[in-house]
Each structure stands twice: as structure tokens, then as C-alpha cells.
Amino acid sequence: MAQIGVLLRRLSAGALAGFLATAWQGNSLPDARLSLFRPSGALAAEKTTPYVTTIDVNLRSGPGLEYDVVTTIKSGTRINVAGHEGEWLKVVSKQGNPPGYILDRFARPLEEPPKTSAAALGTYVTTAEVNVRSGPGTQYSIVSRIPKDTRVEVVDAEGDWLKVQSKHGKPSGYVSARYLRRFSPP
């Protein structure tokens, strides 16, 4: 009867870890094989830059529209970006999930404050009845409504959302820029 033996030993060195498997049969010399792997948390150790999403955005399994949607990331969510691939940002997870990709136009670096163009500030007119939201996105609650053809004062901008200030004591809030046009006196 031949004897078979296997010995496993866990090894680690820095961010790498692995197993040394030693196997033998009968009186033969042991055959040692080393198998290395990255622990699931190692992706979090990858150099990343903090970004924040500017709208609800699909996270895809690869850098292109042909890749599957893995999940949707809500507007205003902080993400960790490990690099650019064309117009796609590589997003890594601190929980060890596989990386995903979003279009770069739907996020901005966190270190940069949102850029408010002086050209965006001023008086606008609503082009439809609009919802005023508590934050810059549809996931925020509606705080009031403004009728069509109403003048509003824009005091700030965040992505495609403009912050409007009420002259009548109503709460300030955000309106999608697509429902506003610059006011031009007759």
C-alpha cells in the first residue's frame, strides 16, 4: 500500500499571502509548490484618489457601455478611484469587491470644491413647473414647487443642478438646470 501525504503551510509577506503545499507518495521526495494570492482587502491598499459622484451613476464591470451594470451608485457618494481608462474611472471597493467603472463626467475629485461659475449665477426663468429639492439630485426630497415662467435667483451651482434662493421666505433648494433659462429683460 502506497503512502500519500500532503502538508499545507500558510505564508505571508507584506500584502501577499499564500500556502506552501508539500506532497509526497511512498518513499519519493516531497514535491513543494508555492501558491500566492492577494488577500481580498489588498485592493483597498491600492493608491486611490477620493471622488464624489455628481448624479446617480451605473457602476459597470468594465470600461465601456457594453459591460454589465453591477450596481447603481447614488449621487453624492464618496468613491475611491484607482485610475483612468479613456473616459472611464476605475472604482475600487474597500470591502474587497471587484473593481468597477463609471464615466468620468459623473464624478469629481473630492479635494476640489465644486466649481461655481460666476456665469451660472443670476436671474433665471423656469421653463416648466419644477420641483425644488433639498440637494443636487433626484434622490433628495422635494421642499417646494415653482410654477412655469417664474423668475428665480441662482446662488450656486453643483453639476447640472442650480441652487435657487427664494425672495418669499420659502426654503432654498436645487433645481435641475434643464428647466431653467437665463432671464433677459424685454
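The values are calculated or read from the model by the stated rules, or taken from the named source; none is laboratory data. Since this is a predicted model, take the numbers as computed values, not measurements. FYI the Cβ positions are ideal-geometry reconstructions off the backbone, even for glycines, and counts take in every protein chain you see.
Looking at the structure I just gave you, is LEU180 over 16 Å from ILE55 (Cβ atoms), of a type outside the set (Val, Ile, Thr) and in contact with a Leu (Cβ under 7 Å, 6 or more places away or on another chain)?
So LEU180 passes the test.
Residues that are among the aliphatic types (A, V, I, L, M): list the strands (runs of 3 or more DSSP E) wholly contained in the stretch 87-181 that include at least 3 such residues.
88-92, 142-146, 151-158
Please verify whether the stretch 64-75 includes one or more residues that are exposed (fewer than 15 other Cβ atoms within 10 Å of the Cβ), more than 16 Å from TYR101 (Cβ to Cβ) and modelled with pLDDT of 90 or more.
yes
Restricting attention to the stretch 50-59, does a residue exist that is of a type in the set (Ser, Thr, Tyr), assigned to a loop (DSSP other than H, G, I, E, B) and modelled with pLDDT of 90 or more?
No, the stretch 50-59 contains no residue that is of a type in the set (Ser, Thr, Tyr), assigned to a loop (DSSP other than H, G, I, E, B) and modelled with pLDDT of 90 or more.
Could you check, for the stretch 129-142, whether at least one of its residues is of a type in the set (D, E, K, R), closer than 21 Å to PRO186 by Cβ and exposed (fewer than 14 other Cβ atoms within 10 Å of the Cβ)?
No, the conditions are met nowhere in the stretch 129-142.
Right, TYR51: within 24 Å of ALA157 (Cβ to Cβ) and among the aromatic types (Phe, Trp, Tyr) or not?
Taking the combined requirement at face value, the residue satisfies it.
Looking at the stretch 157-177, can you tell me whether even one residue there is more than 27 Å from the chain's Cα centre (by Cα), of a type outside the set (Lys, Arg), farther than 16 Å from THR54 by Cα and surrounded by 13 or more Cβ atoms within 10 Å (Cβ to Cβ)?
yes
If you scan the stretch 61-86, which residues turn out to be part of a strand (DSSP E or B), within 11 Å of the chain's Cα centre (by Cα) and not polar (S, T, N, Q)?
Correct list: ILE73, ARG78, ILE79, VAL81.
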